[in-house]
Amino acid sequence: MREGRSAVVIFLGPPGAGKGTQAERLAREHDLVKISTGDILRDHVARGTELGERVRPILDAGQLVPDDILIALIRDRLSSMERVRVIFDGFPRTVAQARALDVLLEELAAPIVGVPLLEVPDEELIRRIVERGQASGRSDDNEHVARERQRVYREQTQPLIDYYGGRVRRVDGIGVLDDVYGRIVASVQ
Ligand code: ADP
């Protein structure tokens with residue numbers, strides 16, 4: 001990723017794969033802004049905004065928030081940026097979101113420079129989410145909701161692997177954080 005230029009990384013992978021942690025480091029070390037839609041939505045819930053009240057039950061059920069809400073949110077974020085150097089964590093999550101993002105990036109002349117796909121087996125994902133829930137208290141991090149999020153991922157988000165096609169780089173998400181990170185960096189350069 002050349003410094004200074006617009007660049008967009010789209011980080012794909014199932015819930016619990018560790019995208020958030022890895023995206024944060026990639027952002028820090030490569031001068032990118034991390035945009036985590038899950039964090040943004042949880043922040044609205046925590047602040048009790050109108051949007052937060054609307055999405056709270058959806059998050060707690062492990063379902064997806066409607067596309068128009070997410071698309072408006074991302075449009076706002078990107079248009080206020082002087083230069084679009086971004087890593088997306090948790091967006092897009094549907095083909096409709098991916099199409100809207102393509103239009104937006106075209107308008108902003110910001111190229112997608114990498115689409116890493118972090119792969120972790122299902123049972124390991126559930127184990128990680130349940131462990132994270134015990135530490136964080138996140139209301140959707142329990143086994144029941146985690147399984148629903150997995151199902152929603154398979155149904156609505158996995159089609160993005162075909163959508164991005166040859167741009168997708170599969171990355172093994174098992175192993176120590178540093179090794180996984182190294183594989184991700186290699187996949188976007
Ligand atoms: P995880 O990857 O662990 O499932 P996230 O923090 O990415 O967690 O997302 C948490 C919840 O926020 C999702 O289950 C969903 O309800 C909502 N959400 C986040 N991003 C999106 C999105 N792009 N489209 C629709 N809903 C979203």
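The values are calculated or read from the model by the stated rules, or taken from the named source; none is laboratory data. From a predicted model like this one, the values you see are computed outputs, not experimental measurements. Positions of Cβ are generated from backbone atoms using ideal geometry, with glycine treated the same way; all protein chains shown enter the neighbour counts. The accessibility values were calculated without ligands, DNA or RNA, using every heavy atom of the protein model including side chains. Shrake-Rupley method; radii C 1.70, N 1.55, O 1.52, S 1.80 Å.
Phi-derived couplings, Karplus 6.51 cos²θ - 1.76 cosθ + 1.60 at θ = phi - 60°, listed residue by residue for region 167-172: 7, 6, 10, 6, 10, 6 Hz, with x used for Gly and Pro.
Roughly how many Å is it from the Cα centre of region 130-172 to that of region 47-123, as a whole number? Using only Cα atoms, the two centres lie 14 Å from each other.
Dipole size of region 7-178 about its Cα centre, with +1 on Lys/Arg Cβ and -1 on Asp/Glu Cβ: approximately 120 debye, rounded to the nearest 20.
Solvent-accessible area assigned to carbon and sulfur over the chain amounts to 48 percent, based on a 1.4 Å probe. Near the amide H of Arg85, within less than 5 Å, lie the amide hydrogens of Ala7, Val33, all on another chain or at least 5 residues away, with H placed in the peptide plane. Evaluated at q = 0.11 Å⁻¹, the base-10 log of the normalised Debye intensity for region 7-178, with identical point scatterers placed on the Cα atoms, takes the values -0.44. Per residue, the solvent-accessible area of the chain (1.4 Å probe, heavy atoms of protein chains only, all protein chains present) comes to 51 Å².
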